[in-house]
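The values are calculated or read from the model by the stated rules, or taken from the named source; none is laboratory data. Remember, predicted model here, so these are calculated numbers, not experimental data. As a convention, Cβ positions derive from the backbone with ideal geometry for all residues, glycine included, and neighbour counts pool all protein chains shown. Note: areas computed on protein heavy atoms with side chains; ligands, DNA, RNA excluded. Shrake-Rupley method; radii C 1.70, N 1.55, O 1.52, S 1.80 Å.
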Amino acid sequence: MTTFKSALGICGLSQQGAAEYLGVSIASVKDWSRGKSAPPIGVWVMLADLWGRIEDAGERAAEQITPEDMDRRALNNVAADDGGDPLPDGADSAAGALAVLSAILDRNL
């Protein structure tokens, strides 16, 4: 697995979602994911910015989560946003997952 493909995964982006978010063709995303070619630095900057937004959203949401009091089904469906522009599809779920894991870790459950 390439680092680029892993970055898409931690940002919650499918290849199609990444193409839309990055404003590139799906063929480019597939080539970068397979390591056939290297993404430009500007693409890495956009992903780093998105990851920062996911972290911010996850941290804010984690402060609101009390995992010990929540229904397990609710914990499995948390989505978070950073309060600014909506996160791309999938990134809101990545932020929600970060929030749940952070809340659990912070409370030593």
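Over all other residues within a Cβ to Cβ distance under 14 Å of Thr2, the charged ones net out to +3, with Lys and Arg as +1 and Asp and Glu as -1. Annotation for segment 31-97: trypsin sites (Lys or Arg not before Pro) lying in DSSP loop with at most 15 further Cβ atoms inside 10 Å of their Cβ are Lys36.
Taking a sphere under 14 Å around the Cβ of Ser37 and counting the other residues whose Cβ falls inside, with K and R at +1 and D and E at -1, yields a net charge of +3. When the Cα positions of Val45, Ala74, Ala61 are compared along the charge dipole of the chain, Val45 comes out farthest toward the positive end, with charges on each C-beta of Lys, Arg, Asp and Glu. Is the shape of segment 26-72 rounded, prolate or oblate, going by the alpha carbon gyration tensor and its root eigenvalues a ≥ b ≥ c, with a/c under 1.5 for rounded and a/b larger than b/c for prolate? Taking the square roots of the gyration eigenvalues as a ≥ b ≥ c, segment 26-72 is prolate. Scanning the chain for DSSP H helices at least 30 Å long along the axis (C-alpha atoms) with a Kyte-Doolittle mean no lower than 0.0 picks out 41-62. With protein chains left intact and a 1.4 Å probe, residues in the chain average 60 Å² of accessible area per residue. As a length-normalised measure over Cα pairs under 8 Å and 6 or more apart, the relative contact order of the chain settles at 31 percent.
Put a plus charge on the Cβ of each Lys and Arg, a minus charge on the Cβ of each Asp and Glu, and nothing anywhere else: the dipole of the chain about its Cα centre is then about 660 debye. Among residues other than Gln16 with Cβ under 13 Å from its Cβ, the summed charge is -1 (Lys and Arg +1, Asp and Glu -1). The accessible surface of the chain, taken with every protein chain in place and a 1.4 Å probe, is 52 percent carbon and sulfur. Calculated from the structure at hand, P(r) over Cα pairs in 5 Å bins from 0, in percent is found among (1) 2, 13, 24, 26, 19, 11, 3, 0; (2) 3, 13, 23, 25, 15, 8, 5, 4, 3, 1, 1, 0; (3) 2, 13, 22, 21, 15, 12, 9, 5, 2, 0 as (3).
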